[in-house]
1. Which residues, counting only those in the range 183-213, are of a type in the set (K, R) and surrounded by fewer than 23 Cβ atoms within 10 Å (Cβ to Cβ)?
2. For the range 145-182, enumerate the residues that are among the basic types (K, R) and surrounded by fewer than 20 Cβ atoms within 10 Å (Cβ to Cβ).
3. For the range 94-203, give me every one of the helices (runs of 4 or more DSSP H) that falls completely inside it and has 1 or more residues that are among the acidic types (D, E), more than 11 Å from the chain's Cα centre (by Cα) and within 16 Å of the ligand (Cβ to nearest atom).
4. Examine the range 223-237 for a residue that is surrounded by 13 or more Cβ atoms within 10 Å (Cβ to Cβ) and part of a loop (DSSP other than H, G, I, E, B), and state whether such a residue exists.
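Each reported figure results from applying straightforward, stated rules to the coordinates on display, with no laboratory input. The structure presented is a predicted model; accordingly, all values stated were derived computationally and were not measured. Heads up, the Cβs are rebuilt from the backbone with ideal geometry, glycines too, and the neighbour counts pull from every protein chain shown.
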Amino acid sequence: MRDGLLISAMGTCKSYRTLLTEIIRKDVISYLDFIDQVYHEKIQIDPDIAEIKYKLKNHRTEKIENIITEISTLEQLEQTVSVCTKCALHKTRKNVVFGKGSDKEKLVIIGEAPGAEEDETGEPFVGKAGQLLTKMLSAIDINRDDIYICNVLKCRPPGNRDPLADEIAMCSNYLDLQLEFLKPKYILALGRIAAMRLLGKQSTMKEFREGEHNYRGIPVHVTYHPSALLRNPNWKYPAWEDLKRLKELLDGKNG
Ligand code: SF4
């Protein structure tokens, strides 16, 4: 009964209805953009919506620029993300996992999303997969404290399910801004989802691993996610080869 009254009151409030419509349109358009960009599936929309899409894209660009001018440090961005409620994952998370590390090696490693241990502690890659990553890095003489590690999503998807397209779309600006502040010389993407998000295209892991890619001019290397290596030990050798190639480039660039 109370809900019925509330809906009825909302229905008579034109400005609220307009606002609600805009929010829903914006979410739908953001989702369509993501599907187009990452999965290369064009969904036909009528010309009226295309016009709205154009306006909202400009609005979104302005909004991102506003955020950039308001947030001038990585710490300020972390503060903003720590209270984010943009997608439904905020309801089930225990902690936001923003990212951690230093810019000493000018390398940023990007995974998919926090798992259970990361959600508990608020730190990236601290579970079994994280321990494996630390060992792999140390095998090529990279100290974990000298690099920066984060994820595409800052909150854990329940039950460690794959991130949904709209969750990735909602969280995207944060990763872009994070990389703006970090200004890495190299990026290592762990797994296909991180690679698709950064490179805006769909490929096989083989194509991602063997191809040359860049994100806004920064070279991007792709290898298997450590969780996948725990499930498929046969991929450890190719992952090791990937890391050795990356290390050679890091030494050449930073030495
Ligand atoms: S996953 Fe990203 S967009 Fe969603 S609530 Fe967390 S920080 Fe916000």
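1. Going through the range 183-213, the residues of a type in the set (K, R) turn out to be 183, 185, 192, 197, 201, 206, 209.
Passing the criteria: K183, K185, R192, K201, K206, R209.
2. Step one: of the range 145-182, the residues among the basic types (K, R) are 154, 156, 161.
Once the filter is applied, which keeps residues that are among the basic types (K, R) and surrounded by fewer than 20 Cβ atoms within 10 Å (Cβ to Cβ), the range 145-182 yields only R161.
3. Values: elements: 116-121, 128-139, 165-182, 192-199.
The helices (runs of 4 or more DSSP H) meeting that bar are 116-121, 165-182.
4. Here is the first cut: in the range 223-237, the ones surrounded by 13 or more Cβ atoms within 10 Å (Cβ to Cβ) are 223-230, 235-236.
Narrowing further to those that are part of a loop (DSSP other than H, G, I, E, B): 224-225.
Among the residues of the range 223-237, at least one is surrounded by 13 or more Cβ atoms within 10 Å (Cβ to Cβ) and part of a loop (DSSP other than H, G, I, E, B), which makes the answer yes.
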